[in-house]
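Bear in mind these aren't lab numbers, they're just calculated from the coordinates by the rules spelled out. If you're wondering where the values come from, they're calculated on a predicted model, not measured in any experiment. Using ideal geometry, Cβ is built from the backbone for each residue, glycine included, and neighbour counts are taken over all protein chains shown.
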Ligand code: SF4
Ligand code: SF4
């Protein structure tokens, strides 16, 4: 049997404290994704979240944004990109998140991980790291491949003191769905959390998994059963491409902060509400908490689902979404990560 990685008691305590805080009060974000730079060292063919030119956001500006978010009572701040390991002050950004009392997460393609980099992430206080692996052998779509990254995973297994989540993918455009199971098994073998994402068709629409993909989905689900149990219905509806009945609390409980420092509902609904994060306050949180999102039934943004679970049982949504957003609905995200800490690497 694989050795499960033991979570430190202090992290468990901070997690439970965050959940309790979220259950008791609704006027603070539970999870924020924040982008410190848009540049990436890869160029996955399906990705619309990177460029190869942009500069890192200066540390002082990142700290200003983080301090505001922790001042609002945010429980978890996850750094994404682009490729955040390219940011020269990443360790200081992580440390600032921890100093503000939030849990710190990181989404990376893993290419730049070496022993020293992992140990620096330990020292900075990182709590979670996620890598998405798309295939076993690199191809023209993606180089995020088990063959390339397995050495990095071994280093993580040996040196990381943070939780590691390995996400594999299924669905439209995935040439070898059976790769997802190999990747998930390797993740579990190394003591990591294994999850699976479902990619949509080229028009961003939900498409049910075929019988073979469904079987693989079920097997990965069993491998990651500890993580899946809590979100069973959402996962299964997405896999069958059926609408899911839920209240999206994006803009309130889940925020996406881009490199320009603007708050967006999520990576797939950029532009709404489009307010600078340092000006984002309780009024905006209250308003967006109550705002129904027209894209919710077919939404695939896993983090928004997870954070919204806490409030599913309370407070109906009645405020209308902005007219421009409603006109574009339903907007489906390209990729959902089921059972993971964020929606995409
Ligand atoms: S999916 Fe990740 S690794 Fe690939 S180009 Fe986009 S940001 Fe970079
Ligand atoms: S795409 Fe999903 S997370 Fe984003 S605003 Fe719509 S329902 Fe919410």
Using label points projected 7 Å from each Cα along Cα→Cβ, tell me how many nm separate residue 137 and residue 312, to one decimal. 4.1 nm
Can you give the FRET efficiency for residue 42 and residue 161, using 1/(1 + (r/R0)^6), R0 = 30 Å, r = Cβ-Cβ distance, to the nearest 0.05? 0.70
With label points set 7 Å from each Cα along the Cα-to-Cβ direction at residue 114 and residue 17, the distance between them in nm comes to 3.6 nm
May I ask you to sort 216, 238 by Cβ crowding, counting other Cβ atoms within 10 Å and putting the fewest first? 216, 238
For the residues 44, 299, what sequence is obtained by ranking on other C-beta atoms within 10 Å, fewest first? 44, 299
For the chain, what is the percent of antiparallel DSSP beta bridges, rounded to the nearest 5? 20 percent
Take every Cα pair under 8 Å in the range 9-337 that's 6+ residues apart, average their separations, divide by the length, and report that relative contact order as a whole percent. 16 percent
Quickly work out the residue 214-to-residue 122 label distance, labels modelled 7 Å from Cα along the C-beta direction, and quote it in nm with one decimal. 4.5 nm
Sort 46, 256, 272 by Cβ crowding within 10 Å, fewest neighbours at the top. 46, 272, 256
What whole-number distance in Å separates the alpha-carbon centres of the range 119-158 and the range 41-57? 18 Å
Set the Förster radius R0 to 22 Å, insert the Cβ-Cβ distance between residue 178 and residue 240 as r into 1/(1 + (r/R0)^6), and round the FRET efficiency to 0.05. 0.60
Rg/Rg_globular for the chain, with Rg_globular taken as 2.2 N^0.38 Å and Rg from C-alpha atoms: 0.92
What does the helix-only formula give at 222 nm for the chain: each DSSP H stretch with n ≥ 4 adding -39500 (n - 2.57), the total divided by the residues, and the result rounded to the nearest 500 deg cm²/dmol? -10500 deg cm²/dmol
